[in-house]
Amino acid sequence: MNLAHLYYFRTLAELEHFTKAAEQLYVAQSTLSNAMARLEEELGVTLFERRGRTVELTKYGREFQASVVEALNVLDKGVARAREHADRMTGTIDVGTVYTIQGDYLPALVRAYRDAYGAGLTVNLFQGLTLPLLEDLERGRYELAFTARAEHRPGLTFVPVLRQSLGALVHRTHPLAARAAVRLSDVAALGAPVVTYRDATPLGAKVARLAADVGIAVSDGADDEITIGSLVDASPDAVGLVLDTLGVAPFGDLTVVPLADVGEGFHEVCLVYRTCSYKSRAAEAFIELARSFSWPPEDAARDLRR
């Protein structure tokens, strides 16, 4: 049995699309198709139901996939560990991320990763919003992503890594600005325009439930803190319900007042990865580090090599 054919099978079984699998494997589509035909002939069973360029695993294909993935993962990890004996770990990880953790948490985590496992590792960061990032992660564009938790993503594992607080974003001349903390009911009583995240996003849906519970009518929705800040900056009587992140830092005339009835740590940011996909040793090490990395950085473990 040709080892390359097993790698081809694993990729095709994961992507369920001949063109995408061939592109990822850097082989011609005909080469991939012929390899799968020979593998099925050798095994004596049909592994895929073909629908044009898309495929779906048969019952026999699913059984075979479990064994192939397990065997190849063990082999790949063995090769990676053997190479580590000759040199420090190398590799490249593509990571999608929401921008709000790029000013503090993420740089500290990447620094700790390189300190622990060597400068031969490359971490490529790609910025985006939660739902598009998760879609790209599922398609295999990234190995890992940092996003909000999202429902109905059975193929993904979400690992909580930090929490962010929700506050009331107001002009420094606003009646709420001088207070040490406010309540959502205080915001509702003002009857002022309220700006927050679009309710089509996971975070927006969560904030919308809070707002509805106290009778707050949201006047505008946005995807990020910078846009919310712009809308509040343009309307001095408006209130933004926003995460207290670097996204509001550019607005010198605005301030974030804590919400006493929401409390700290309202929003959970997670490291996300495809549960059953192959992960390089570099990616596994990154996941391992993120699970144990505490924040703020002074509390972080510095030596995570085993």
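The values are calculated or read from the model by the stated rules, or taken from the named source; none is laboratory data. Note that this is a predicted model, so its numbers are computed, not measured. For neighbour counting, all protein chains shown are included, and Cβ atoms are generated from backbone atoms with ideal geometry for every residue, glycine included. Quick note on the areas: whole protein, heavy atoms, side chains included, nothing else; ligands and nucleic acids left out. Shrake-Rupley method; radii C 1.70, N 1.55, O 1.52, S 1.80 Å.
Kindly check whether there is at least one residue in the stretch 125-136 that is over 17 Å from residue 271 (Cβ atoms), touching a strand residue (DSSP E or B) at 6+ places or on another chain (Cβ under 8 Å) and open to solvent by less than 70 Å² (accessible area, probe 1.4 Å).
No - not one qualifying residue is present in the stretch 125-136.
Note down all Cβ pairs under 9 Å where the first residue falls in the stretch 74-99 and is at pLDDT below 80, the second is in a strand (DSSP E or B) and among the small types (Gly, Ala, Ser), and they're at least six residues apart or on different chains.
80/91
Kindly indicate whether residue 151 is open to solvent by 70 Å² or more (accessible area, probe 1.4 Å), closer than 18 Å to residue 269 by Cβ and not in a strand (DSSP E or B). Full working, then the answer.
Values: open to solvent by 70 Å² or more (accessible area, probe 1.4 Å): yes; closer than 18 Å to residue 269 by Cβ: yes; not in a strand (DSSP E or B): yes.
Yes.
I need every pair where a residue in the stretch 197-214 that is polar (S, T, N, Q) has its Cβ under 7 Å from the Cβ of a residue that is part of a helix (DSSP H, G or I) and surrounded by fewer than 18 Cβ atoms within 10 Å (Cβ to Cβ), sequence separation at least 6 or different chains.
Going by the 7 Å Cβ cut-off, the qualifying pairs are 201/131.
When you check residue 38 against the structure, is it open to solvent by 80 Å² or more (accessible area, probe 1.4 Å), farther than 22 Å from residue 140 by Cα, assigned to a helix (DSSP H, G or I) and modelled with pLDDT of 90 or more, yes or no?
Working: open to solvent by 80 Å² or more (accessible area, probe 1.4 Å): yes; farther than 22 Å from residue 140 by Cα: yes; assigned to a helix (DSSP H, G or I): yes; modelled with pLDDT of 90 or more: yes.
Yes: the conditions hold for residue 38.
(1) touching a residue at least 40 places away in the same chain (Cβ under 8 Å); (2) under 27 Å from the mean Cα position of the chain (by Cα): which one isn't true of residue 1, the others all being true?
(2)
What are the residues in the stretch 14-23 that are of a type outside the set (Phe, Trp, Tyr) and either surrounded by 15 or more Cβ atoms within 10 Å (Cβ to Cβ) or farther than 19 Å from residue 277 by Cα (or both), if any?
At the first step, the residues of the stretch 14-23 found to be of a type outside the set (Phe, Trp, Tyr) are 14-17, 19-23.
Result: 14, 15, 16, 17, 20, 21, 22.
Could you tell me how many of the residues in the stretch 4-32 are assigned to a helix (DSSP H, G or I) and under 22 Å from residue 71 (Cα atoms)?
Narrowing the stretch 4-32 to residues assigned to a helix (DSSP H, G or I): 4-15, 18-25, 29-32.
Those left that are additionally under 22 Å from residue 71 (Cα atoms): 4-15, 21-22, 24-25, 32.
The number of residues fulfilling the criteria is 17.
For the stretch 196-236, give me each residue that is among the acidic types (Asp, Glu), under 21 Å from residue 249 (Cα atoms), open to solvent by 50 Å² or more (accessible area, probe 1.4 Å) and in contact with a helix residue (DSSP H, G or I) (Cβ under 7 Å, 6 or more places away or on another chain).
First pass over the stretch 196-236, keeping only residues among the acidic types (Asp, Glu): 199, 213, 220, 223-225, 233.
Filter once more, keeping what is under 21 Å from residue 249 (Cα atoms): 220, 223-225, 233.
Still in the list and also open to solvent by 50 Å² or more (accessible area, probe 1.4 Å): 220, 223, 233.
Selection gives 220 alone.
Any residue at all in the stretch 276-298 that's open to solvent by 20 Å² or more (accessible area, probe 1.4 Å), part of a strand (DSSP E or B) and either modelled with pLDDT of 90 or more or closer than 28 Å to residue 142 by Cα (or both)?
Taking the stretch 276-298 first, the residues open to solvent by 20 Å² or more (accessible area, probe 1.4 Å) are 276, 278-281, 284, 288, 291-292, 294-298.
When the remaining residues are screened for being part of a strand (DSSP E or B), the result is none.
No, the stretch 276-298 has no match at all.
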